[in-house]
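The values are calculated or read from the model by the stated rules, or taken from the named source; none is laboratory data. In this text the structure is predicted, and so the values were computed from the model without any measurement. Here Cβ is always computed from backbone atoms with ideal geometry, including for glycine, and neighbour counts include all displayed protein chains. Surface areas here come from the heavy atoms of the whole protein model, side chains and all, with no ligands, DNA or RNA. Shrake-Rupley method; radii C 1.70, N 1.55, O 1.52, S 1.80 Å.
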Amino acid sequence: QPPQRDYDDLCGLPDLNEKTLLENLRNRFKQEKIYTYVGSILIVINPFKFLPIYNPKYVKMYDNHQLGKLEPHIYAVADVAYHAMLQRRKNQCIVISGESGSGKTQSTNFLIHHLTA
């Protein structure tokens, strides 16, 4: 069986159903790719460990980039909201949702870290 392609945006799956969606998320998680897009929505799977993807190098890498041009990341979402606010001169909102213990507070911290950097 050939290795499955890794889709960083679930909208690109050739056959979008529950099985392929979950397989893609599982494959990405095994590679420590905890972020996956669904269009402009970001799915995050809590790794329950520290990953070295929240340093100044990543802040700079995701500064002023279009969503989807780089690997999915919480910094990309923060940056898109920030630049939309500047361009449109209107407030922006990022909704963070999930089960208890899913990492909502940590995700909020990462968003704020990127915005203040």
What number of residues in segment 93-104 are open to solvent by 80 Å² or more (accessible area, probe 1.4 Å) and either modelled with pLDDT under 95 or not β-branched (Val, Ile, Thr) (or both)?
4
What are the residue pairs meeting all of these: first residue in segment 12-33, first residue over 28 Å from residue 54 (Cβ atoms), second residue of a type in the set (A, V, I, L, M) and modelled with pLDDT under 95, Cβ atoms under 7 Å, and 6 or more apart or on different chains?
20/13
Name every residue in segment 93-117 that is polar (S, T, N, Q), touching a helix residue (DSSP H, G or I) at 6+ places or on another chain (Cβ under 8 Å) and in a helix (DSSP H, G or I), in order of residue number.
107
In the set 89, 26, the lone residue that is among the charged types (D, E, K, R) and over 21 Å from residue 9 (Cα atoms) is 89
